[in-house]
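The values are calculated or read from the model by the stated rules, or taken from the named source; none is laboratory data. These figures come from a predicted structure and were not determined experimentally. Positions of Cβ are generated from backbone atoms using ideal geometry, with glycine treated the same way; all protein chains shown enter the neighbour counts.
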Amino acid sequence: MSTVADRRALGRAARAIRPRSGLADFTPAARRQDPVQVLLAQERDREMALTPLRHRRMSASPFAFYRGSAAIMAADLGAVPSTGLTTWLCGDAHVANFGLFAAPDRSIVFDVNDFDETSTGPFEWDVMRLAASLVLACQENGASDSKARQIVAASLRGYREQMAIHAKQDNLDNWYARIDVGALSAWSEGEGKSARSTMRQAVAKAETRDAWSALDKMTVERGGRRQLIDQPPLILPLSLEGGVAHAVTEILASYQRTLPPDRVRLLERYHLIDIGHKVVGVGSVGLLAVVVLLQGRDGDDLLVLQAKQAVSSALEPYSGASVYSEHGQRVVVGQQLMQAASDPLLGWVTTPAGRSFYLRQLRDKKYSPDITRMKPKVLGDYALLCGRALARAHARAGDPIAIAGYLGGGSKFDEAMVGFAFSYARQVHADFAEFTRAIADGRIRIGSAEQDRALSLEIDESGKIVVTTGTV
């Protein structure tokens, strides 16, 4: 077994493989893949009827485009040397993929909250994804370049300092570490008045986002029973007539086999009352996100599960194939390894039709603030927190001693990553320009709101849930 000194030396030795100063600039590969083609290739696993909506959301701004283009950045990072210091990665650690949610003990925690692209890989890939996203977010909300540099630097300082803390902790202390309300309060006290105000407002907002806050928006009561509303493209209900209810019941039973017995006993007290599809996010649009509405003891005892389709991670062509043949399991394992507290109903299933899904509660006090509306001071506080959360996740899933050995105690890593963030942001702007040209010349379809409203959900002859375009 390697000693602490050996692990620290391993991290320092990685500087010879990938010098910290060498992280500062992004230079595209000589034969860099066409970004438009990368996006189109990724969409082969998606519902084609929904991809125009995905494109339209991505076309809103360079930051929105970045949120939907993890595959492009994965290809870019996979083409350059890495530190070789691997951990489980979020895979899409942009700043909008952090936030608050309820732990199983009902307390509010702050953490990474999106793991569709989770995989193993060099730790710096997640850090680069976060740093570049902060530049783009700053540009969208009008912050100056000098202020943006401070904000990105704060995030990187938070990552480095938090990793140093975990490098000195016992394994169990690392395992149990989490950023809860107590930790948030302690952090905000040290960061000033704006940080305290931001923390209190965010926690208060999260407390209001329970299951009923979602149910009130997406369901209606008819004949004494709750049903999903028909509001394409955001919500597409599916008729439970025929064999649909039976098929969904079988899928839920298979999913329950991935849960501990106490969670199974809880779910056995609910029965299916409706099913539909809910469009979520930017990058996720096009992947099925099936909403399962369950009722318990009475009409006020409702549970909403979301079964989200899982396909191969954008990182896998460059970091290696997942050890898990079921992509839903890959997402669940990555989330449980990186999060200090995960949804107690998190599990996975592969359907008889061959699609992989992971399941969780649709909304359980989950809240992420609108980054593009934050004032620079608040965004700087938030960026620092995101850096700390990412370091905690990497320390839990990887080797904090080796990573801290690479980072060092000074700001050399921070300064280099700030340079990378601005350099890569320029590449994103160039890719966004190419994306908008592809929309203009018809290579990329964005559809229309009228076409969106004609979408519907059906079961095809093979038993798959599919989104159909209908007619306008």
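Of note:
- Filtered residue count, the stretch 320-332, keeping only those that are surrounded by fewer than 18 Cβ atoms within 10 Å (Cβ to Cβ) and in contact (Cβ under 8 Å) with a residue 40 or more places away in the chain: 1
- Of all the listed residues (Asp230, Asp216, Asp274), the sole one being modelled with pLDDT of 90 or more, loosely packed, with under 15 Cβ neighbours inside 10 Å, farther than 30 Å from Arg7 by Cβ and in the same structural domain as Ala341 (by TED's automatic domain parsing) is Asp230.
- Among the criteria (1) surrounded by fewer than 23 Cβ atoms within 10 Å (Cβ to Cβ); (2) of a type outside the set (Val, Ile, Thr); (3) not in a helix (DSSP H, G or I), the one Ala75 does not fulfil is (3).
- Number of positions in the stretch 215-238 that are in a strand (DSSP E or B) and among the aliphatic types (A, V, I, L, M): 5
- Tyr358 vs. criteria part of a helix (DSSP H, G or I) and in contact with a helix residue (DSSP H, G or I) (Cβ under 7 Å, 6 or more places away or on another chain): no
- Flag for Gly99 being touching a strand residue (DSSP E or B) at 6+ places or on another chain (Cβ under 8 Å), under 26 Å from Gly158 (Cα atoms) and assigned to a loop (DSSP other than H, G, I, E, B): no
Listed here are the residues, each with its yes/no results for (1) surrounded by 15 or more Cβ atoms within 10 Å (Cβ to Cβ); (2) over 18 Å from Ser312 (Cα atoms); (3) out of contact with any strand residue (DSSP E or B) (no Cβ under 9 Å at 6 or more places or on another chain); (4) β-branched (Val, Ile, Thr).
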position: Pro19; (1), (2), (3), (4): no, yes, yes, no
position: Phe26; (1), (2), (3), (4): yes, yes, yes, no
position: Arg31; (1), (2), (3), (4): no, yes, yes, no
position: Asp34; (1), (2), (3), (4): no, yes, yes, no
position: Gln37; (1), (2), (3), (4): no, no, yes, no
position: Ala41; (1), (2), (3), (4): no, no, yes, no
position: Arg46; (1), (2), (3), (4): yes, no, no, no
position: Leu50; (1), (2), (3), (4): yes, yes, no, no
position: Leu53; (1), (2), (3), (4): yes, yes, no, no
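- Listed here are the helices (runs of 4 or more DSSP H) enclosed by the stretch 242-320 that have at least 1 residues being under 26 Å from the mean Cα position of the chain (by Cα) and of a type in the set (Gly, Ala, Ser): 244-256, 316-319.
- Some residue of the stretch 96-117 being among the hydroxyl-bearing types (Ser, Thr, Tyr), surrounded by fewer than 22 Cβ atoms within 10 Å (Cβ to Cβ) and under 28 Å from Ala14 (Cβ atoms): no
- Pair list, Cβ under 7 Å, 6 or more apart: the stretch 419-448 residue on the phi > 0 side of the Ramachandran plot and not assigned by TED's automatic domain parsing to the domain that holds Gln139, other residue basic (Lys, Arg) and buried (at least 18 other Cβ atoms within 10 Å of the Cβ): Gly447/Arg56
- Hey, Leu89 surrounded by 18 or more Cβ atoms within 10 Å (Cβ to Cβ) and under 30 Å from Ala177 (Cα atoms) or not: yes
- Pick from the stretch 277-312, criterion small (Gly, Ala, Ser) and surrounded by 18 or more Cβ atoms within 10 Å (Cβ to Cβ), ranking: nearest to Glu47 (Cα to Cα): Gly286
- Within the stretch 312-348, being at pLDDT below 95 and hydrophobic (A, V, I, L, M, F, W, C) holds for Ala321, Val323, Ala340, Ala341.
- Selection within the stretch 153-189: residues that are at pLDDT below 95 and of a type in the set (Ser, Thr, Tyr). The member of this set that is surrounded by the fewest Cβ atoms within 10 Å (Cβ to Cβ) is Tyr176.
- For the stretch 31-72, residues that are part of a loop (DSSP other than H, G, I, E, B) and of a type in the set (Lys, Arg) total 3.
- Within the stretch 1-26, tally of residues that are touching a residue at least 60 places away in the same chain (Cβ under 8 Å) and not aromatic (Phe, Trp, Tyr): 17
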